[in-house]
Amino acid sequence: MLIDLTLLAIGIMILIIGSNYFVDGAASIAKNMKIPIMVIGLTIVAFATSVPEILVSLVAALDGESGLAIGNAIGSNTANIGLVLGTMALIRPIQMTSKLYKKLITLLLLISIIMIIPFLDNAISVNEGRLILGGFILVMMWLVKFSLNLSNNDIDQDDLKENNYKTFTTKKALILLLLGLILLFIGADIIVNNAIEIAHKLKISEAIIGITLVAIGTSLPELSVSITSALKNEYGLAVGNIIGSNIFNLLAVIGVASAISPSKLPDNILSVHYMVMLSLTVLVFLITFRKNKVIKKFEGFSLLTIFCFYIIYVIFQS
């Protein structure tokens, strides 16, 4: 067990290092192309920080453990809002004044509600997985078109300012991108194999391990990027990263896993785990649409507390 836990920690560290390289390379390429920071957060960085979840999903599905991948997707989304957004707001109140936030959080909420349908029978078939993956492609096409068509009137000036991250040349950025991707594959493989071993030894469902250990581990890139962004007052990058990552997790991660291998899920996956994720999404939606569009420190503390109690509940229930 100790060896499995050690290898799991090593896998998460490799994943974080790989994510950092991937993000640096992707963000540098985007900045060299003069793409607005909000768009970077919503697309390039959101995809980059979601690569761990996508790769874990792919490796798990190929091993016939789709439940781990789906649990990882739900747990990661819960962690992105409760842990990442909560920690960000606790460090510094998050301004949600941009008109873009309303559109994006509404899109995320709609996807979260629609995705309840395949979870109703606690199983996701290969055909359902393919439909979800098709939905992901359609959403991505719209998201890219939407991002490229953004006008200055649609974005606040804070969203248009350049970030303060170190920018690499395009050649070096491509090398970082490739190196990061290799490390992500290695880290994902180590995490999946040892998470499954731990689950089997403790007689815990792979989905529950995905919701807790793997989800928190693969959400660390989002946490790192978002905290750095919050400290630099770059809310566009941070919030875009979280919303984009959650969309990728729901559609790409679950879609890839289910399209490869059908999954039988725990009975409480929808009634408890998915509902916690959906509730946190609704909370952020309500904050975005209220008159005072700021996630305050005490609200960040509340999000973080809800997440901590949820993880404690999951551990004790298991």
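A few comments on the model shown:
- Test for SER76: is it among the polar types (S, T, N, Q), open to solvent by less than 10 Å² (accessible area, probe 1.4 Å) and within 12 Å of the chain's Cα centre (by Cα): yes
- Restricting attention to the range 138-152, the residues that are modelled with pLDDT of 50 or more and surrounded by fewer than 12 Cβ atoms within 10 Å (Cβ to Cβ) add up to 6.
- Exclusive hit being assigned to a helix (DSSP H, G or I), crowded, with 24+ Cβ neighbours inside 10 Å and out of contact with any Asp or Glu (no Cβ under 8 Å at 6 or more places or on another chain), set LEU270, LEU283, LEU250: LEU250
- Selection within the range 1-20 - of a type outside the set (Ser, Thr, Tyr), over 30 Å from ILE44 (Cβ atoms) and free of Cβ contacts under 8 Å to residues at least 40 places away in the same chain: LEU2, ILE3
- Cβ separations smaller than 7 Å between residues 6+ apart or across chains give the following pairs from the range 285-299 residues that are within 9 Å of ILE94 (Cα to Cα) and in contact (Cβ under 8 Å) with a residue 40 or more places away in the chain to residues that are among the small types (Gly, Ala, Ser) and open to solvent by less than 90 Å² (accessible area, probe 1.4 Å): ILE295/ALA89; LYS296/ALA89; LYS297/ALA89.
- Residue within the range 168-182 that is modelled with pLDDT under 80, surrounded by fewer than 17 Cβ atoms within 10 Å (Cβ to Cβ) and outside any helix (DSSP H, G or I) present: no
- Subset of the range 291-311 that is open to solvent by 20 Å² or more (accessible area, probe 1.4 Å) and among the aromatic types (Phe, Trp, Tyr) - its residue that is nearest to SER279 (Cα to Cα): PHE309
- Of the residues examined, GLY71 is one that is touching a Ser or Thr at 6+ places or on another chain (Cβ under 9 Å) and open to solvent by less than 10 Å² (accessible area, probe 1.4 Å).
- Residue count for the range 91-115, restricted to those that are open to solvent by 70 Å² or more (accessible area, probe 1.4 Å) and either of a type in the set (A, V, I, L, M, F, W, C) or more than 27 Å from GLY255 (Cα to Cα) (or both): 7
The values are calculated or read from the model by the stated rules, or taken from the named source; none is laboratory data. Everything numeric in this text was worked out from a predicted model, so none of it was measured. Here the Cβ is made from the backbone with ideal geometry for all residues, glycine too, and neighbour counts use every protein chain on show. These area figures cover heavy atoms from the full protein model, side chains too; ligands, DNA and RNA do not enter into them. Shrake-Rupley method; radii C 1.70, N 1.55, O 1.52, S 1.80 Å.
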